[in-house]
Amino acid sequence: MPARVKAFVEKGTIPGAVTLVQRHGALASLEAVGYQDLESKQPMKTDTIFRIASMTKPFTAVGIMILMEEGRVSLGDAVEKYLPDFKNMWVIESRDGDKNGDTKRTLRRPSRPVTLRDLLTHTSGMYGMPPETLDEAIARKTRTLADVVTLASQKPLDFDPGTKWQYSNLGIATLGRIIEVVADQPYEKFIESRIFLPLGMKDSFFFLPADRQHRLATVYVLDKGKLKKADWDFSGNGAKYPFPEGGMYSTALDLASFYQMMLNGGSYNGKRILSRATAEMMTEVHTGELQAGHSPGMGYGLAWAVVRTADGTLPLTSIGAYGHGGAFGTYGWVDPKKDLVGVFLVPRIDVSTVRSAFMAMAASAIAE
């Protein structure tokens, strides 16, 4: 596997990567190839820290499920129960363009309020991505989570809750704000105390400390066939927004602990984060026959993309396998039928070909 991934580095497709495969709870492979930073030729290391972007979303979902198990929230609850700004929302009934290219919208009240379950399954109708861009997301970094979610509550829904699937960063941000309100502490502190610390995730953060900055992989884009340093900056310059939808920094080993916890039914190294019933429920398909996910054959659980049909198994994952990717090329998955955890960390936008190759290699390496 490292040789194949190294070939992508030598071709200039990716700057470098860290890959991990774990089976039956034991580490089978942990490899680093290429460079953490191309300009300084700093080598990639197995403990390099990555911006994992939307791989953050399942952590926010687990935070909500912890509160559910404590009887502090219910998935069927309306969001407005915890965030009154969500009362009296509107939904877009129709859009009509005029001869000047302007769009006129007709609004009405939604058929029912948005629930926590709608947010977890991306079926809320809340403003999604697309049309949101990375630049729009980054513009939020100096606002508080409360401010961002209040603004989100003022946007009309794109459709009635529960009727369609639309990936929504702001929907997950709203769950992060609910965690703050119910737990009465900052979102990032709750996730740290209830997930990171019990699982021993010592290199996972929402605001990267100064003493870890030298281990952070530089993000690149492919521009006219050549790797170019990306200029997106989620941190620094007065950042105070934790990005429950995509703000985590982490390492391959830290992420493997989280995925192994899910695979084990909610516990890891003697620490129980969730009940087995909750862990299993999170990773079942909740979107039924709706067109869900970013690729064919997928459905959605509670903030997990789940392989639903055979066409979702093309990278040799099993039906029922689940995972999540991030905008900067990272991906992690759990395959219960193979008793396998995989982590693919690369700092480059849009590397689905490389990722699929690694996933297929990881599965095909299984001997029995």
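The values are calculated or read from the model by the stated rules, or taken from the named source; none is laboratory data. Model, not experiment: these values are computed from the prediction. Backbone-built Cβ (ideal geometry, glycine too); neighbour counts: all protein chains shown. For accessibility, only protein heavy atoms count, side chains too; no ligands or nucleic acids. Shrake-Rupley method; radii C 1.70, N 1.55, O 1.52, S 1.80 Å.
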Gaussian network model of the chain, Cα springs within a sub-10 Å range: biggest mean-square fluctuation belongs to which of R23, R355, R308? R23
Restrict the search to region 6-80; then list the GluC sites (Glu not before Pro) that DSSP places in a loop and that have at most 12 other Cβ atoms within 10 Å of their Cβ. E39, E70
Anisotropy class of region 55-205 from Cα gyration tensor, a/c 1.5 cut: prolate
Along the charge dipole of region 1-146, which of I49, N88, V21 sits closest to the positive end, that is, farthest toward it, with unit charges on the beta carbon of Lys, Arg, Asp and Glu (+1, +1, -1, -1)? N88
Starting from the residue with the highest accessible area, list S193, S168, S364 in decreasing order, probe 1.4 Å. S364, S193, S168
Unit charges at the beta carbon, dipole of region 270-319: most positive-side option, S275, G312, A292: S275
Solvent accessible area, Å² - K155, 1.4 Å probe, full protein context: 90 Å²
In nm, spacing of pseudo-spin labels at L27 and E93 (7 Å Cα→C-beta vector): 6.0 nm
Apply the Karplus parameterisation 6.51 cos²θ - 1.76 cosθ + 1.60, with θ equal to phi minus 60°, to every residue of region 26-39 and state each ³J(HN,Hα) to the nearest whole Hz, in sequence, with x for glycine and proline. 10, 5, 9, 7, 9, 10, 10, 9, x, 10, 6, 8, 5, 4
Using the heavy atoms of the protein chains alone and a 1.4 angstrom probe, what is the accessible area of region 1-144 per residue in square angstrom? 47 Å²
For the chain, the dipole about the Cα centre with charges only on Cβ (Lys and Arg +1, Asp and Glu -1), to the nearest 20 debye, works out at 300 debye
Which option, [x] 8; [y] 34; [z] 11, is the value of percent of Cα pairs over 40 Å apart that was calculated from these coordinates? [z]
Express in whole angstrom the spacing between the alpha-carbon centres of region 310-343 and region 74-98. 32 Å
For region 90-236, with all protein chains present and a 1.4 Å probe, just round the carbon and sulfur fraction of the accessible area to a whole percent. 50 percent
Taking alpha-carbon centroids only, region 15-64 lies from region 187-255 a number of Å equal to 11 Å
Connecting every pair of Cα atoms under 10 Å apart in the chain and solving the GNM, the largest mean-square fluctuation among V148, V343, V306 falls on V148
Under a plain spin-label model, where a point goes 7 Å from the Cα along Cα-to-Cβ, how far apart in nm are R4 and S40? 3.2 nm
Given the whole protein assembly as supplied and a 1.4 Å probe, what does the accessible area of Y268 come to in Å², nearest 10? 50 Å²
Show me, for region 345-353, the HN-Hα J-couplings you get by feeding each phi into the Karplus relation (A = 6.51, B = -1.76, C = 1.60, θ = phi - 60°), rounded to Hz, glycine and proline as x. 10, 8, x, 8, 4, 6, 10, 4, 5
Quick one: net charge around T48, please, counting Lys, Arg +1 and Asp, Glu -1 for every other residue with C-beta under 13 Å from its C-beta. -1
Whenever you get a sec, line up D231, D158, D203, D47 from highest to lowest accessible area (probe 1.4 Å, protein heavy atoms). D231, D47, D158, D203
When the chain is treated as a Gaussian network with springs between alpha carbons less than 10 Å apart, the largest mean-square fluctuation among T163, T48, T251 is found at T163
For region 1-86, what is the charge dipole size about the Cα centre, in debye to the nearest 20, if Lys and Arg each add +1 at the Cβ and Asp and Glu each add -1 at the Cβ? 460 debye
At 222 nm, what helix-only mean residue ellipticity would the chain give, in deg cm²/dmol to the nearest 500, using -39500 (n - 2.57) for each DSSP H run of four or more? -7500 deg cm²/dmol
With only Lys, Arg, Asp and Glu charged, each at its Cβ (+1 for the first two, -1 for the last two), find how big the charge dipole of region 199-312 is about the Cα centre; round to the nearest 20 debye. 380 debye
